[in-house]
Every structure is written in structure tokens, then in C-alpha cells.
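> Supplied in C-alpha cells, the structure appears directly below.
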Amino acid sequence: MSLPILTSAPGKVIIFGEHSAVFNEPAIAASVSSLRTYLLVTEAETSDIVELDFPDIGLDHKWSAAELSHVSMPSKVVAIEHFKNLNPELNAALEPLLKSLHGSLQYHAAYCFLYLYFSLCGTRRGVKFTVKSSSPIGAGLGSSASISVCLALAIGKLGGHLNSKPEKLTKLELDFVNKWSFIGEKCIHGTPSGIDNAVATYGNAVLFQRQANAETKSEQILDFPQIPMILTNTKIPRSTKVLVAGVKDLITRQPEIVSPILKSMGQLASRGAKILADLDDSNYADLCELIRINHGLLVSLGVSHPGLEIIKALGDSMSIGTTKLTGAGGGGCALTILNRDASPEDVEKFKSILENEHKYKTYMTGLGGPGCAFMSSEEIKENLPVIESLFRKQSSVSDLNNTLLPGKTNLKWVH
Ligand SMILES: Nc1ncnc2c1ncn2[C@@H]1O[C@H](COP(=O)(O)OP(=O)(O)OP(=O)(O)O)[C@@H](O)[C@H]1O
Ligand SMILES: C[C@@](O)(CCO)CC(=O)[O-]
Ligand SMILES: [Mg+2]
């Protein structure tokens, strides 16, 4: 596909089953309609470099043709070969390209990019990749999966793997994006379950389960109910990679105790899926009860944080709803499912205490909605000045959403 290329993918909220999903238990997640990542691929200033411009994490890096020439492409573009273990030769070859990057945010984003770039289109030079996100980064709402999906789709197109139909992404193409974005997630956090990239690829909501043979089973939940919910970002930084590794260590130390907890979490997700398929006044309290139990089990795995417990304690003491951490925990976000009778005044008070006293950020966003998408080169070219201005450092989340949010603007996205 010719340049420019523009891709997008949503963030997600895990309703049931974070952490247990990594250990092959079922889990439920939904895409978040208004929190998305966008990737623009354009010609670089010179024809012999590859440039990353990721202003959200302060990364602007150029690799020269000479540096890139030391890495050879893996011989076969078969995702399954990278599934269990990332390719050790490619990893070793990428190390010198990554050594000047600062901190884990930049390192992991660039590693994910380079791995997909060399696997899917490694000889192309003179390209610049710019990423902007309206989703908070490293906060439990699937930012790593949404950037991985944007990269897998754009690089898949650049490498000529995904150009079968101009007017839609076929099922096979979505499966390709899902597989390669899972590999991108592996670069970012080691042992992902694959639930985040599945939701970011296919959209809507999924009942997901990783299989023992590393394959995944995800059932789309098309009519996901709009559960009245507040998402609160504590802004406490954390890393999914570190938290997932911590749970693995705990299982190794306490297998008899922790394995049944993970099993219980899987049961919560299965039971939750049945309730969500038929949610009404009669079973709403059951849903809230499952949410409360899931949070308690996550606390027992050691992945909560005092900052998340503030949200839970406030929600409980105001009797406004039921709170559970979402995503990997350790900071980041919690969701509060509002009680049916929560008054608008109480909801406002709850949000205002969190925002003003604790300096947290709250969101009320719809769940479900489109997965990954791209824009045709013609559509981008017609709107290039506007689109390029959005990818500059100073553009805000509302600028991004006002102009680019799929389904909400006049620009045509292809799904
Ligand atoms: N907009 C972005 N620009 C650059 N890098 C990003 C962006 N969004 C995410 N990333 C990459 O994703 C990493 C964050 O991934 P991490 O899995 O820790 O958090 P998360 O995906 O937001 O939360 P969770 O996995 O719990 O849902 C960052 O370190 C960075 O490398
Ligand atoms: C913590 C975790 O379960 C969810 C992160 O959003 C990790 C994963 O499933 O990959
Ligand atoms: Mg992540």
C-alpha cells in the first residue's frame, strides 16, 4: 500500500479475569469507544532512514540505513513460529538498535515496533511512524495492545500482507493483525494472554480463553450491554510486565493456594458472561456481586494498590456502586459499576472527590464499538493538513477525538 497510511485501534476494559486470563482461564473484556490509538505512516525526510515519533512518551528516534542493515529479516513470515518464543536471533540483532533508548516506556514501544517491522517489511526505508493516543498510557486500559494492533495493521499493509480488499478488512486479515499484535504485546510485556489485542483487533466485547497449545478462543459478544460505569485513572504508574511476572512468582511460591484463586476468577468470568448476555434489573445485583468478588481475589494476588483502594472505599462508603481494578492493577485504573439507584448528584460528588481531592481522572465512556481500522491513502491525502496537525506534539486528546474518532466524524475509516 502506498503512503500515507493511517491506522487506529481501541483501548479496552477488562470486566472479569485479568491475570487469570494469562493462566488459560476465561475472561471478558470490551473495547472502549472513545479511547483509541492512532498511527500515521508517512515519507521520512530522507529516503534512507526509519523514524519513530511517539510524542506521548517523548520518543523521537531515527535509525540510519547503516544501523538497520545489520538486522536481517526472519526467513518466514509465519506468526505461529514467534508465538511461543520470540525469535532469539532477531532479538539479539535488535539489541544494538535499542540501547540508546531511555526507560521502559520508550524501550518497549521501540522494541515492539522493530520486531514487527523486521518481521513484516524489513527492507523498506524512508518511512516515519507517528503515534498519538487518546487513551492513557500504562494505566490498565490496553494502551500496549492498541499500539501493537496499529503497528501490526500498518506494517502488515506496508509489507504487502493486508491489501486484499480496499473497502474492508477481511476475517483472515483481522486474524493476521490479531496474531502479530499478540507478538507485539509479547515484546512489551512478556507473557500476555492475548485478550487485550483480541479486543483491540476485533472490537466489541469478547469472552476470551487462552488454550494450553498457545492458541486462543475468543467469542464475540456483539450486544454488550451499556453498563453504567465510571472509569477512574489513579495516574499511579505501573507496568503490566512487572505485575504479570509478580503473579507468576506468587504461583510458584504458593501453588496450592493461588491455583484455586485463578480457577475462581475463571468461574467468575463464565458466570459473568451468562449474566451479561441477559442483563436486567433482576440480575444486576448478581453482576455487582461478581465484580466485588473479582476485586477481592485480585487484592489477594497482590495486584491492587492503596490508590485503587481509595476509589473502592469511596464508592462503598457513598453506596454508589461496586469497584474493581481493571487491567493489570498496581495503580492505573479501576471501574465502578454504578448502582441502579445512584443519583446524578452522588455520581457528580464521587467524581469530584476523586478528581479534586485525589487528582485522579474519571471517564464515562461507552463500551463496545469498532476494533482496528485504516483510512485509504486517498482519504488521508484529501485531509492531510488537518490529519498531520493532529499528530504534532501539542494536539490534545479532544482534538484527536473530534477529528478522528471512527463513527463520530466525517472521515471514512475502513474496518
Ligand atoms: N501512545 C503510545 N505511544 C508510545 N508507546 C505506547 C503508547 N501506548 C502504549 N505504549 C507502549 O505500551 C506500554 C504500556 O503497556 P502496559 O501493558 O504496561 O500498559 P497498558 O497496556 O496501558 O495497561 P494494561 O496492559 O494493564 O491494559 C508503554 O511502555 C509503551 O511502550
Ligand atoms: C494482566 C492481564 O491479564 C491484563 C492486562 O490488561 C495481562 C494479559 O492478560 O495479558
Ligand atoms: Mg498492556
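> Within segment 87-100, is even one residue touching a residue at least 24 places away in the same chain (Cβ under 8 Å) and in a strand (DSSP E or B)?
no
> Quick check on segment 198-215. Is at least one of its residues of a type in the set (A, V, I, L, M, F, W, C), at pLDDT 95 or above, touching an Asp or Glu at 6+ places or on another chain (Cβ under 7 Å) and open to solvent by 20 Å² or more (accessible area, probe 1.4 Å)?
Looking through segment 198-215, at least one residue is of a type in the set (A, V, I, L, M, F, W, C), at pLDDT 95 or above, touching an Asp or Glu at 6+ places or on another chain (Cβ under 7 Å) and open to solvent by 20 Å² or more (accessible area, probe 1.4 Å).
> Select the helices (runs of 4 or more DSSP H) contained entirely in segment 296-415, then report the ones holding at least 3 residues which are assigned by TED's automatic domain parsing to the domain that holds Lys132. Explain how you work it out, then say what you get.
Values: elements: 306-317, 344-352, 377-382, 384-390, 397-404.
Helices (runs of 4 or more DSSP H) meeting the threshold: 377-382, 384-390, 397-404.
> Can you tell me how many residues within segment 25-58 are away from ligand 3 (no atom under 16 Å from the Cβ), in a strand (DSSP E or B) and modelled with pLDDT of 95 or more? Walk me through it before giving the result.
Within segment 25-58, the subset away from ligand 3 (no atom under 16 Å from the Cβ) is 25-26, 28, 33-34, 38-53, 55, 58.
So of that shortlist, the ones also in a strand (DSSP E or B) come out as 28, 33-34, 38-43, 50-53.
Applying the additional criterion that residues be modelled with pLDDT of 95 or more yields 28, 38-43, 50-53.
Matching residues across segment 25-58 total 11.
> Let me ask another. Identify, please: which residue in segment 219-244 is open to solvent by less than 50 Å² (accessible area, probe 1.4 Å) and within 12 Å of ligand 2 (Cβ to nearest atom) and is, among those, farthest from Asn24 (Cα to Cα)? Spell out the reasoning first.
So in segment 219-244, the residues open to solvent by less than 50 Å² (accessible area, probe 1.4 Å) come out as 221, 224-225, 227, 229-234, 236, 238-240, 243-244.
Keeping just the survivors that are within 12 Å of ligand 2 (Cβ to nearest atom) gives 238-240, 243-244.
Numbers: Arg238: 23, Ser239: 21, Thr240: 17, Leu243: 17, Val244: 14 Å.
Residue satisfying both the conditions and the ranking: Arg238.
> Condition check: under 22 Å from Leu3 (Cβ atoms), of a type outside the set (S, T, N, Q) and surrounded by fewer than 15 Cβ atoms within 10 Å (Cβ to Cβ). Does Gly160 satisfy that?
Working: under 22 Å from Leu3 (Cβ atoms): yes; of a type outside the set (S, T, N, Q): yes; surrounded by fewer than 15 Cβ atoms within 10 Å (Cβ to Cβ): yes.
Taking the combined requirement at face value, the residue satisfies it.
> Suppose we filter segment 129-141 for residues that are open to solvent by 10 Å² or more (accessible area, probe 1.4 Å) and within 11 Å of ligand 2 (Cβ to nearest atom); how many remain?
Residues meeting the conditions: 1.
> Please enumerate the residues belonging to segment 215-243 that are under 30 Å from Arg340 (Cα atoms), part of a loop (DSSP other than H, G, I, E, B) and charged (D, E, K, R).
Across segment 215-243, the qualifying residues are Asp223, Lys235.
> Just to check your reading of the model, which residue among Ser69, Ser104 is over 24 Å from Gln394 (Cβ atoms), free of Cβ contacts under 8 Å to residues at least 60 places away in the same chain and either within 16 Å of ligand 3 (Cβ to nearest atom) or of a type in the set (Ser, Thr, Tyr) (or both)? Before the answer, list the steps.
Numbers: Ser104 fails: free of Cβ contacts under 8 Å to residues at least 60 places away in the same chain.
Result: Ser69 is the single residue among Ser69, Ser104 that is over 24 Å from Gln394 (Cβ atoms), free of Cβ contacts under 8 Å to residues at least 60 places away in the same chain and either within 16 Å of ligand 3 (Cβ to nearest atom) or of a type in the set (Ser, Thr, Tyr) (or both).
> Taking Thr322 as the residue in question, decide whether it is in contact (Cβ under 8 Å) with a residue 60 or more places away in the chain and of a type outside the set (Phe, Trp, Tyr). Break it down into steps so the answer makes sense when it comes.
Values: in contact (Cβ under 8 Å) with a residue 60 or more places away in the chain: no; of a type outside the set (Phe, Trp, Tyr): yes.
Criteria not met by Thr322.
> Open to solvent by 10 Å² or more (accessible area, probe 1.4 Å), within 12 Å of ligand 1 (Cβ to nearest atom) and either within 23 Å of Ala30 (Cβ to Cβ) or touching a residue at least 40 places away in the same chain (Cβ under 8 Å) (or both) - does that describe any residue in segment 170-188?
Yes, because at least one residue in segment 170-188 is open to solvent by 10 Å² or more (accessible area, probe 1.4 Å), within 12 Å of ligand 1 (Cβ to nearest atom) and either within 23 Å of Ala30 (Cβ to Cβ) or touching a residue at least 40 places away in the same chain (Cβ under 8 Å) (or both).
The values are calculated or read from the model by the stated rules, or taken from the named source; none is laboratory data. All of these numbers come straight from a predicted model, not from anything done at the bench. Cβ atoms come from the backbone with ideal geometry, glycine included; neighbour counts cover every protein chain shown. Only protein heavy atoms, including side chains, enter the accessible area calculation; ligands, DNA and RNA are left aside. Shrake-Rupley method; radii C 1.70, N 1.55, O 1.52, S 1.80 Å.
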